[in-house]
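Please read the structure below before turning to the comments.
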Amino acid sequence: MLGEEIGNGDAILNHVKVNGQTIIKGGGDHSVHLQDTVLLSVIIDKRSGAVRVVAEGATSVQQTTLQSSVILENSTGTDAGFNNVTVDQSMPANSYVSLRGDFNTVDVFAANIAISVPSGLINSLQVRSGADNASLDLGGSDRISNLLLNAVAAVTGTGGISNAWLNVSGISFEYLPDQYGLGAGVQEPSHGSSNATLLQYINVSNGAVQLNFNRPLADATLDDFAVTAKLNGQPYVLENLAYDAAQQKLTFKQLPADQYHMQELSIAVAPSETTTKFSRRSVLTTIKITGFEGTVWDVNNNPVSGMTIRFRDRAGGTVGPVLATVVTDANGRYKVTLPPGLYTGELVADGFIPGYVVGQASLNWYYTDENATAIRIPGENETRIVLVWGEVPRDLDSHLVGPTPDAASHFHTWYGGKIYSYNNVVFDDLDHDDVTAYGPETTTIRQNVYGTYRFYVHNYSGENSLRTSQAEVKVYRGNNPEPVESYQVPTGTGTERYWAVFDMNISESGITFTDINQLMTTADQADGGEVNVATVTSRVYSVNNSLNTIGGVAAGISTAAFKAGLSPSVTGVTYDVYAPGSSIAKTGPIISGDQLIVKAANGITKKLYTIVTSGMAVDTEAPQQVANLTASNVTATSLTLSWSPSTDNMPGGVRYAVYSGGTYLTTVTGTTYQVTGLTAGQSYSFTVKAFDTAGNYAPASNPFTVDTLVSLDAVTDSYALNRNVPETDHGQLAANEVESGGVGQAQEVSNSMLLFPSGAIEV
């Protein structure tokens, strides 16, 4: 049984053998496909619109009985596929049958139906007694070898008929058969007018009626049609009824599904009493009103208003014609009216990553919770990873592994630990977890740490294979609405539960991606987190990963002996000793305050330990706060900062970090620093922090604000430049080179500039 639940969706039977009856009650015009399938008997009975059934490959169906409108397509030839076709007398009046391809026998028992044969060959077609008022339209490439008419019928179209036998009078042909015979007392059939235009059948949807003629209808208007409708058997007036001549389609105001769900809408179309442009009895089709609704939320469960949703046919239908467009209201709600079937809605709004919602319009239920999650574009320095997949498996899980600020381990965000924080600051989080198919799941890197991030996916529910999940991962960086990287799960065969997708490396030089895209059997294989660990262990010394110190080291021990007492905490870790502030690895004796710099296996993550020799306590006290910060030698583009020296409780010296407006500039060991590259006429605020070799920072100094110089706009006395200055002489002009009134004495010019043709010269 292919039930009504299919709606207007697709169904495929592949290599199936059924010895009993196969009943088809669902499916749409995209079709039910029978591929290399053997069926004894098929009954097609879909009462809510036509279904298309296609026989392909080596399919063989012994007997096919049609009880409702259908498009029957035979792609296998007369010796296979639909061998014997019966149009049952139970078929509703005004139904239509379209036969495409080659058929052996077709037996018609139903009255008042339209049969279209656009192409192919029918060996034998018989219209039985009682099947009156059948219309048979033959396409130009179609041919019937033998036609037997036992009831009144009208045969139109340019297709050929080799032999015909007529047992009743009143039969009409547009083109006579090649040869035909008449039963006793039967009158000659009428024929001729190749210009006759007939309305054969109609396709009704909620909002439109597609008219199907045997040839294009010319110069018609709405006045040429008699259109009537009923809703649940009661007369109903179609609002805004209009005729689109270009598409030969009647349109009307759609009936909203939330008000009229499951109600039957019947529409009949016939020629008006005054028209002579086409002919055909009244054609009637009935449909049911269906649709669905839901809410669009963001990852914080706030409703999203103003979200445009464009619906396309089928789950996963992200391309193709848009069938309906809606916009969410102030509460994030949407409602859409569509024929029975599955649909994919594309979510579009400013500030959001394009996403999707899957909804079902059902003949049996009106769904009100076809909800979706909309994903916002990440912040300027954030990275957002989005995982989506198909209907099966039900639950895929996102896993992100990456570096921690202390380089002592690695973090892992997943459904069992959604947030990673360090010193009360959220660095990474799984901000949306989905367990009901399709996704999305979103993971966000909110604070960047140098190192390697690994993203992988786990098939938690274990249903089917990851390879058939249609899983897709997209990575968004900053406020760019387009992904910077996209990954599709590898296909094929296999039962692996883990998909290692990519590594992302953050370093001083920027962000790079390394594609992995491999399926694996265990979490350990997929994880890869230890590449970020940059720590050492020791049975000789005291290693403190919180204070970043190594204590218990004998003063004066050689560097080689000291390093021999250390071990890497994980494979791939390397390390060297450096004097404070030096970039050259040390080889001499160890003194307190020396630094051990450890590098992780990824070559990016680093950790600095301060070495404390025996007899000295671990330093946890910061130096004195910097005082008396001031500036001198101020010009338009530079100045010199100076401050009083800071004291510390431990030997090893104090260093100073210089900041401009909170932005780090440099580290110096003295108490002055020349700032260059400034802009003339701008205000700058500077601070300085003192810190010791143990990495203890004092509070920042009080800010010192200074303005850079501007161009000369006044001089205290009138003066003239009596010296001839060549155009090439654009260096500094000393004060004693400015003559006032020809006196020959230096004129005082303070904090000013003289402007020369080729630029500004400071004085």
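The values are calculated or read from the model by the stated rules, or taken from the named source; none is laboratory data. Nothing here was measured: the structure is a model prediction, and the numbers come from that model. Glycine gets a Cβ as well: all are built from the backbone with ideal geometry, and neighbour counts include every protein chain shown. Heavy atoms of the whole protein, side chains included, go into the accessibility calculation; ligands, DNA and RNA do not. Shrake-Rupley method; radii C 1.70, N 1.55, O 1.52, S 1.80 Å.
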Test: Thr559 is over 30 Å from Ser398 (Cα atoms), buried (at least 16 other Cβ atoms within 10 Å of the Cβ), in contact with an Asp or Glu (Cβ under 9 Å, 6 or more places away or on another chain) and at pLDDT 90 or above = yes
inquiry  = So in segment 254-292, with the set limited to residues that are in a loop (DSSP other than H, G, I, E, B), of a type outside the set (S, T, N, Q) and out of contact with any Leu (no Cβ under 7 Å at 6 or more places or on another chain), which one is farthest from Lys230 (Cα to Cα)?
reply    = Glu273
key: Those residues of segment 152-173 which are at pLDDT below 85, surrounded by 19 or more Cβ atoms within 10 Å (Cβ to Cβ) and closer than 16 Å to Ser124 by Cα, in sequence order   = Gly159
ask   = Looking at Ile511, Ile516, Ile597, Ile550, which one is at pLDDT 90 or above, in a strand (DSSP E or B) and buried (at least 19 other Cβ atoms within 10 Å of the Cβ)?
value = Ile550
request  = Kindly indicate whether Ala315 is over 21 Å from Glu391 (Cα atoms), of a type outside the set (Phe, Trp, Tyr) and assigned to a loop (DSSP other than H, G, I, E, B).
outcome  = no
task = Could you grab the pairs with beta carbons closer than 7 Å, sequence gap of 6+ or different chains, first residue in segment 359-383 and without any contact (Cβ under 8 Å) to a residue 12 or more places away in the chain, second one among the basic types (Lys, Arg)?
result = none
request  = Could you pull out every one of the strands (runs of 3 or more DSSP E) wholly within segment 341-443 that has 1 or more residues that are open to solvent by 40 Å² or more (accessible area, probe 1.4 Å) and at pLDDT below 95?
outcome  = 341-348, 355-361, 372-376, 383-388, 410-413, 419-422, 425-432
ask   = How many residues are within 19 Å of Leu121 (Cβ to Cβ) and either in contact (Cβ under 8 Å) with a residue 24 or more places away in the chain or of a type in the set (Ser, Thr, Tyr) (or both) if we restrict to segment 175-199?
value = 3
task = Please go through segment 378-395 and pick out each residue that is of a type in the set (A, V, I, L, M) and either touching a Cys at 6+ places or on another chain (Cβ under 6 Å) or closer than 18 Å to Glu485 by Cβ (or both).
result = Ile385, Val386, Leu387, Val388
query = Which one of Leu176, Leu211, Leu182, Leu149 is hydrophobic (A, V, I, L, M, F, W, C), crowded, with 20+ Cβ neighbours inside 10 Å and over 22 Å from Thr276 (Cβ atoms)?
reply = Leu149
query = Within the set of pairs 6 or more residues apart or between chains, which connect a residue that is farther than 12 Å from Gly581 by Cα inside segment 655-679 to a residue that is charged (D, E, K, R) with Cβ atoms less than 9 Å apart?
reply = Ala657/Lys689; Val658/Lys689; Tyr659/Lys689
task = Six or more apart or on different chains, Cβ under 8 Å: which pairs go from a residue in segment 450-466 that's surrounded by 19 or more Cβ atoms within 10 Å (Cβ to Cβ) to one that's assigned to a loop (DSSP other than H, G, I, E, B) and of a type in the set (A, V, I, L, M, F, W, C)? Could you list them?
result = Gly451/Ala407; Gly451/Ala600; Gly451/Ile604; Thr452/Ile604; Val457/Ala471; Val457/Val489; Leu466/Val489
task = Mind listing whichever residues of segment 133-145 are free of Cβ contacts under 8 Å to residues at least 60 places away in the same chain and closer than 15 Å to Gly120 by Cβ?
result = Leu136, Leu138, Gly139, Gly140, Ser141, Asp142, Arg143, Ile144, Ser145
key: Top-ranked residue of segment 118-133 - restricted to ones that are in a strand (DSSP E or B) and at pLDDT 90 or above, ranked as most open to solvent (accessible area, probe 1.4 Å)   = Asn123
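Of all residues in segment 50-100, which are of a type in the set (Gly, Ala, Ser) and either at pLDDT 90 or above or at negative phi (or both)?
Across segment 50-100, the qualifying residues are Ala50, Ala55, Ala58, Ser60, Ser68, Ser69, Ser75, Ala80, Ser90, Ala93, Ser95, Ser98.
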